[in-house]
Amino acid sequence: MSTICETFFKGVKVKRLDDEGNSVNVYNKPVVVQLEYDPKGMLVKITEESEQKEFIVCKGSEFARVGRKGIIFKLSTETLLLTFASDEDSNQFTDAVMKIKADKSASVFSERTEESSASQYFQFYGYLSQQQNMMQDFIRTSTYQKAILDNPIDFSGKVILDVGAGSGILSFFAQQSGAKRVYAVEASSIAVHAAKLVAANNVDDVIKVLSGKIEEIQLPEQVDVIISEPMGYMLLNERMLETFLHAKKFLKPGGKMFPSRGDLHVAPFTDEALYMEQFNKVNFWYQEYFHGVNLSSLRNPAMTEYFRQPIVDTFDINICTAKTQRHIIDFQTAHETDLHRIEIPLEFHMLQSGTVHGLAFWFDVAFIGSNVTVWLSTAPTQPLTHWYQVRCLLSQPIFAKQGQLLTGRVLMVANAKQSYDLTIEVKIEGTNTVSSNTLDLKNPYFRYTGVTPAPPPGNTHTSPSEDYWAQMDLAGARQAVNLVNGVIVDGLGHVSLDSGPPAHAHQQPNIHQGSIPATGRREKGSSGSPAPPTSSATSLPFNQLIGGAVSLVRLGGQSSSS
């Protein structure tokens, strides 16, 4: 078990050595050397205005002691000699380095994950900006808090493990619910910031931030509840769910998993515009005179690559041509190896005729507590989250009629890139019509633009023009009725301040949806003119400042995962 602590060594002299062993001072005075946790081992930092340096000490690092107080590091770009102020400091620093070098254990995580993928993954989640993006997902964060606070029986006086704690926000929720102790385990460098948050909020007597991977650390005791936010795109991307399930080695018999269950929903969809958008991307590679170069030999590989990309965005539920099928993963009972190969048989009864362009995916997770069960959904019918939804295109669309049976399968095979190789196959029963595709879940196309998705064409069964004028006629009739009663009300329900008897001392304010002050009245100012209404939590500008609006209003086709 490695608790988070930053170690500082003062009065360190730093020299740079050339190829012949000659040395020159890097700084004109002794500096402070700082040690921090890093997923690869240990981060050494020197923060000086003249020249900032940082390098990672890992198992493969080359170093040697020089005399009693000196240590030489051979880095990729230079060789540094660090001379410490005392024998004690030199010994403490060397012990920290030797501990990293001596760790030869091969964990479950390292065996299943490419080193380059793990490095990129932990670097990504080490940024405060990425933690902010997830925390600002109002649906995600508020649902977790409510699930924890509404089940006090499961948390009050209990020992909790937070897997992949990130900023530590879930650990804070557990502490708010009365937890006796919370172990917040985080493998990225964000663990240092989480420890600062815990200390700044004076809850370090409850929350203990531990640096390291769940597969590699040890806890001093078993826990009552494991909390985590391990879901990625399509529920399974990033393979964090396996780490969540691996953590059950620390769970007491009868302990709870929060979330307790995950449902992956699958449905066929029709979207001609999306299909043609991907198809037309390959037109670039049809050019035979691109700056004098014939690109056409790459058009087939380009087509394959574009269609191997799962599409991350949102859509109108009406593009789905059949009821979803659900694949359930019970986190209480499932083993991490159950997620290495997942095969989902498909059987859809078509509810409408049309072209099937692919399969749409989203997920729900349930927090099954002793008091209440709370659901977090990423369905297209629910408020948008940073997970969006995912669509996988078929290589060749197929036409299916209402009432026909569409069968097939989804095969997900885990890979060392912390993701899945995905195969989808569909067939119209009783015919020879078959289509399939293979996709790389690690390489999605982020298509979300912030624009509300339009419903599929052909579902309007009355004249929109006539409907509009009928509404305007109705609004005019209502205004005429209100004029008779002496009150002018426009078609939006706004009350005019100029209407009504002039003798009234207090007028009703101009009421607008979502901006009604708590009192429902304005107070007059000293000049006799109405004072502006105060803002409320239901006003539109206020809501734009909360609930993840910063990350969800417009992403310009870019996003990120958990």
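Tabulated data
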item	result
Accessible surface, the range 298-342, averaged per residue in Å² (probe 1.4 Å)	51 Å²
Scattering curve values for the range 110-219, log₁₀ I(q)/I(0), Debye with Cα scatterers, q = 0.10, 0.12 Å⁻¹	-0.29, -0.42
Normalised alpha carbon radius of gyration of the range 64-115 [divisor 2.2 N^0.38 Å]	1.50
Rounded accessible area of ASP205 (nearest 10 Å², 1.4 Å probe)	110 Å²
Relative contact order of the range 374-463, defined on C-alpha pairs under 8 angstrom at six or more residues apart (%)	21 percent
Ranked by how many other beta carbons lie within 10 Å on average, peptides 235-248, 123-136 from highest	235-248, 123-136
Convex hull volume per residue for the range 408-450, taking Cα atoms only, in Å³	97 Å³
Per residue accessible area in Å² of the range 1-149, where ligands, DNA and RNA are left out and the probe is 1.4 Å	57 Å²
Extension gain (nm, one decimal) between ILE153 and ASN443, 0.36 nm per residue minus Cα-Cα	100.2 nm
Rounded accessible area of LYS10 (nearest 10 Å², 1.4 Å probe)	150 Å²
GluC sites (Glu not before Pro) restricted to the range 340-431 and DSSP loop, no more than 15 other C-beta within 10 Å	GLU429
Accessible area, probe 1.4 Å, largest first, for residues ASP162, ASP364	ASP364, ASP162
The range 1-89 - percent of accessible surface contributed by carbon and sulfur, probe 1.4 Å	46 percent
Highest to lowest packing among 332-340, 45-53, scored as the average C-beta count within 10 Å	332-340, 45-53
Segment TYR468-GLN218, length gained on full extension (0.36 nm per residue, minus Cα span)	83.4 nm
Hull shadow area, averaged, the range 1-147 [alpha-carbon convex hull, nm²]	12.1 nm²
Loop trypsin sites (Lys or Arg not before Pro), the range 146-192 (other Cβ atoms within 10 Å of the site Cβ: 16 or fewer; DSSP)	LYS180
Listed peptides 82-91, 385-394 by packing density, highest first (mean Cβ within 10 Å)	385-394, 82-91
Cross-link pairs beyond the 27 Å C-alpha cut-off, checked among LYS10/LYS196; LYS29/LYS208; LYS101/LYS158	LYS29/LYS208; LYS101/LYS158
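The values are calculated or read from the model by the stated rules, or taken from the named source; none is laboratory data. Predicted, not measured: the structure shown is a model, and the values here were computed from it. Using ideal geometry, Cβ is built from the backbone for each residue, glycine included, and neighbour counts are taken over all protein chains shown. Remember, those area values only see protein heavy atoms, side chains included, never the ligands or the DNA or RNA. Shrake-Rupley method; radii C 1.70, N 1.55, O 1.52, S 1.80 Å.
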